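Peer 1: I have a structure I would like to understand better, so I am pasting it below and will then ask my questions one at a time.
The values are calculated or read from the model by the stated rules, or taken from the named source; none is laboratory data. All values derive from a computational prediction rather than experimental measurement. Here the Cβ is made from the backbone with ideal geometry for all residues, glycine too, and neighbour counts use every protein chain on show.
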Amino acid sequence: MRILGISAYYHDSAAALIVNGEVVAAAQEERFTRKKHDAGFPAHAVRYCLDSQRLSLAEIDAVVYYEKPLLTFERLLETYLGAAPRGGRSFVAAMQVWLKEKLFLKTELKKQLSALAEPDSRQPQLLFSEHHLSHAGQLFTPARLRKQPSFAWTVSVNGRPLRLGWVMEQG
């Protein structure tokens with residue numbers, strides 16, 4: 001199985017390629033653009049990952065984005081509503097970005113991926129992961145190298161009630 005992971009549109013956009021459970025390539029977009037904390041779509045990083053393994057986008061089984069935008073939007077709404085009427089200006093600014101761009105992220109990602117694909121080629125399935133699982137998942141690569149069991153625990157109190165999560169893998 002070949003999975004392309006993408007982080008973008010927040011800060012430090014990047015791509016990573018996983019083949020049969022092993023990370024085989026990864027890069028941050030700023031390494032190519034020389035733009036510190038580049039938040040744009042990581043086209044150069046994606047191309048680097050694919051080229052390093054001599055793959056085309058059509059040969060990728062799935063593209064996974066690092067978060068579920070609608071869950072993030074829900075959290076923002078809960079945070080702002082919980083603090084209302086404070087934060088009104090910040091709320092208006094954030095909603096303008098969300099209503100113009102981030103709520104339609106699936107469409108934007110498909111457009112950007114199509115630009116990297118061969119004409120009329122198969123597009124990989126586009127999936128979205130929970131943000132905290134993305135953080136937890138990165139812990140397993142070093143553990144696999146040491147062939148040790150792993151456990152990751154995530155805690156989030158970012159503007160909402162305490163949220164706990166865990167992931168475990170045998171070595």
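Peer 1: For the stretch 89-112, name all the residues that are among the aliphatic types (A, V, I, L, M) and surrounded by 13 or more Cβ atoms within 10 Å (Cβ to Cβ).
Peer 2: Correct list: ALA94, MET95, LEU103, LEU105, LEU109.
Peer 1: So, in the stretch 17-47, how many residues would count as being in contact (Cβ under 8 Å) with a residue 24 or more places away in the chain, within 14 Å of LEU113 (Cα to Cα) and not aliphatic (A, V, I, L, M)?
Peer 2: 4
Peer 1: Just for helices (runs of 4 or more DSSP H) wholly inside the stretch 84-171: which have at least 2 residues that are at pLDDT below 85 and under 27 Å from ASP61 (Cα atoms)?
Peer 2: Counting at least 2 such residues, we get 131-137, 140-146.
Peer 1: Let me confirm something: among ASP12, ASP51, which residue is closer than 25 Å to SER114 by Cβ, of a type outside the set (Lys, Arg) and in contact with a helix residue (DSSP H, G or I) (Cβ under 9 Å, 6 or more places away or on another chain)?
Peer 2: ASP12
Peer 1: Condition (residue is in a helix (DSSP H, G or I), in contact (Cβ under 8 Å) with a residue 40 or more places away in the chain and of a type in the set (Ser, Thr, Tyr)) applied to the stretch 67-80: is it met by at least one residue?
Peer 2: Within the stretch 67-80, one or more residues are in a helix (DSSP H, G or I), in contact (Cβ under 8 Å) with a residue 40 or more places away in the chain and of a type in the set (Ser, Thr, Tyr).
Peer 1: Oh, and also: Select from the stretch 10-35 the residues that are crowded, with 20+ Cβ neighbours inside 10 Å, within 11 Å of the chain's Cα centre (by Cα) and assigned to a loop (DSSP other than H, G, I, E, B) and list them in ascending order.
Peer 2: SER13, the sole residue that qualifies.
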